[in-house]
1. Quick check on my filter: what residues within the stretch 117-130 are without any contact (Cβ under 8 Å) to a residue 60 or more places away in the chain and at positive phi?
2. Applying the selection to the stretch 76-116, what residues are assigned to a helix (DSSP H, G or I), of a type in the set (A, V, I, L, M) and free of Cβ contacts under 8 Å to residues at least 60 places away in the same chain?
3. Answer yes if at least one residue in the stretch 109-120 is open to solvent by 10 Å² or more (accessible area, probe 1.4 Å), modelled with pLDDT under 95 and over 15 Å from residue 187 (Cα atoms), and no otherwise.
4. So, in the stretch 136-187, exactly how many residues are farther than 14 Å from residue 228 by Cβ, in contact with a His (Cβ under 9 Å, 6 or more places away or on another chain) and not in a loop (DSSP other than H, G, I, E, B)?
5. Collect the residues in the stretch 189-210 that are open to solvent by 40 Å² or more (accessible area, probe 1.4 Å), more than 13 Å from residue 127 (Cβ to Cβ) and not in a loop (DSSP other than H, G, I, E, B), keeping them in residue-number order.
6. Taking the stretch 146-156 on its own, how many of its residues are modelled with pLDDT of 95 or more and within 17 Å of the chain's Cα centre (by Cα)?
7. Where in the stretch 215-308 are there strands (runs of 3 or more DSSP E), lying fully within it, with 2 or more residues that are surrounded by fewer than 24 Cβ atoms within 10 Å (Cβ to Cβ) and at pLDDT 95 or above?
8. Of all the residues that make up the stretch 167-188, how many are at pLDDT 95 or above, open to solvent by 10 Å² or more (accessible area, probe 1.4 Å) and on the phi < 0 side of the Ramachandran plot?
Amino acid sequence: MQERWVLDRLLRAGGLDVLWPDVMGTLLEMGFNHTDITRTMGKVRTMSAMPKLWYQTALHHEARAADELRKGHTLTAAETYHRAVLGLARARWGMFADTAGKVALYQRLNDDYDMVIEHGHGRIERVTAGDCAGLLHLPDGPGPHPAVVLYPGMDMTKEYLPVPGRNVFAERGIAVLALDPPGHGFSALQGIKLTARNVEETGSRAIDLLTARADIDAARVGVFGIGTGGYFGFSLAAQDNRVMAVAGVEGGFFYDNVQMLADEPPSRRARLGYMTGLDGAAFDELMTEVSIAGREKLITCPSMFLVGEWDELTPPAEARRLAEAVSGPIEVRIYEDEGHVLGGVMHEAMRAAVDWLADRFAGRTPVSTVDIVAAYT
């Protein structure tokens, strides 16, 4: 199986992404600039090249942003600092050790995002849920607003979503608390490792924080997760009955993760090893516990799950298994001819999930369905 992935990587070398060649649409939805993607990834031949090349892209935009700020072009400066932030977030992809360079990279990322907060559109606050850092994005107006806890994917940090200046949640009146939960982003760098349930515990602390605020409607708090964040969202809904609704976009670790990782590229196990601080039998034991199996009936709130036909993390059969097992109403959409990152339909999928959450917050009755969404012809 390892040989298959080595060959696959060689065949994809020089493409858009060494693992997900159809990721363009997804990165654009996360605020990446098309030119940054094509110019940077056009030089990438292996995953190990990504930190250097994306770091160079980030430094270029930092210099441009500082120049725009000196000219008094504050919005352009904020947008350009955001391009630098995303370059730094992408640079950390493939960095599996807490080196001095990685620490310095995160400091730059935080400093650049502070400039986005200070000079850009939108109301963004730095918050802490338990021991984990978060970014609270607020819509216009005094509220009280409905809110979602946002879990990033395994390869992501809290800075990826939502996108400042074109926040699809805020445009629909929804506040978002984006987290770096245990094992992810800055939390991992601080030594807060992923365990069987501490990502969910951090989600509950995030709900505590939200419901204590006067500008948040405590009765309308949901969860949104992307990739493995979708699993953690469903798992949080299984143990915290304050979750009004949960939506997941892209497949995650829902069932037999040990077998699934045996069929995955070596880098994914290496990344999870860094996130958990484990290897060998201890790692496999933990990944057995990171599963929704046997807990689906505890999910009584409405849920939505969007997945590609060829998603290797959650194949359609497992999406259907989840749909048949939860107690609450669930809408599943399986996008024909799409892989894990839903690159060809992420624009539609993101808005489908956010609109679905907005409908739940508005009190509209959910419907249980499993639909195949036909590919473009």
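1. Across the stretch 117-130, the qualifying residue is only 122.
2. Filtering the stretch 76-116 down to residues assigned to a helix (DSSP H, G or I) leaves 76-91, 100-116.
Still in the running and of a type in the set (A, V, I, L, M): 77-78, 84-86, 88-89, 91, 100, 103-105, 109, 115-116.
Within the stretch 76-116, 77, 84, 88, 91, 100, 104, 105, 109, 115, 116 qualify.
3. Taking every residue of the stretch 109-120 in turn, none turns out to be open to solvent by 10 Å² or more (accessible area, probe 1.4 Å), modelled with pLDDT under 95 and over 15 Å from residue 187 (Cα atoms).
4. 6
5. Answer for the stretch 189-210, where residues must be open to solvent by 40 Å² or more (accessible area, probe 1.4 Å), more than 13 Å from residue 127 (Cβ to Cβ) and not in a loop (DSSP other than H, G, I, E, B): just 201.
6. Step one: list which residues in the stretch 146-156 are modelled with pLDDT of 95 or more, which gives 146-152.
Next, from what is left, pick out any that are within 17 Å of the chain's Cα centre (by Cα): 147-152.
Counting residues in the stretch 146-156 that are modelled with pLDDT of 95 or more and within 17 Å of the chain's Cα centre (by Cα) gives 6.
7. Numbers: elements: 216-226, 246-249, 303-308.
Hits in the stretch 215-308: 216-226.
8. 5
The values are calculated or read from the model by the stated rules, or taken from the named source; none is laboratory data. A quick note: this is a predicted structure, and the numbers were derived from the prediction, not measured. Note that each Cβ is placed from the backbone with ideal geometry, even for glycine, and that neighbours are counted across all protein chains shown. SASA here: full protein model, heavy atoms, side chains in, ligands and nucleic acids out. Shrake-Rupley method; radii C 1.70, N 1.55, O 1.52, S 1.80 Å.
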